[in-house]
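Asks: Have a look at the structure that comes next, please.
The values are calculated or read from the model by the stated rules, or taken from the named source; none is laboratory data. Everything quoted here is computed from the prediction, not taken from an experiment. Neighbour counts run over all protein chains shown; Cβ positions are idealised from the backbone, glycine included.
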Amino acid sequence: MLARITLVCAIVLVPIMTYVLLMGNLTALNYSLAHARADELSLQEETMRLDDRIAALQSRDRLAAIAARLHMHDPHVYAVVDLPAPVATPPAGGIAFLGSLLHH
């Protein structure tokens, strides 16, 4: 009799406990998802702020002001210089270790 009562209780309690455990796991996953979404939004906002800052630092007006403070200006004269052509060296003849003996 006691075994039957235990078996019936086990048959009833196992699905209920499984359901409770699965619901607890689902709740934990929902909290993790909400936390991840909040992190994603904060990272997107930070990325937008940093993109705006990069755009401001790269603006032509700012760069022109820095160049003016450094007394930089556009060159008015460009010089074109011809470089001498490279001189070709004659190939070494003979065998490497005998080359110094044969070319004296």
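Asks: For the structure I just gave you, tell me whether G24 is at pLDDT below 90 and more than 32 Å from the chain's Cα centre (by Cα).
Replies: Spelling it out, it is not the case that G24 is at pLDDT below 90 and more than 32 Å from the chain's Cα centre (by Cα).
Asks: If I ask for residues that are assigned to a helix (DSSP H, G or I) and surrounded by fewer than 10 Cβ atoms within 10 Å (Cβ to Cβ), which ones from the stretch 67-84 would you list?
Replies: R69, the sole residue that qualifies.
Asks: What pairs come up if the first residue lies in the stretch 31-60 and is free of Cβ contacts under 8 Å to residues at least 60 places away in the same chain, the second is surrounded by 10 or more Cβ atoms within 10 Å (Cβ to Cβ), and their beta carbons are under 9 Å apart, counting only those six or more places apart or on different chains?
Replies: From residues that are free of Cβ contacts under 8 Å to residues at least 60 places away in the same chain, the pairs are A56/R62; L57/L63.
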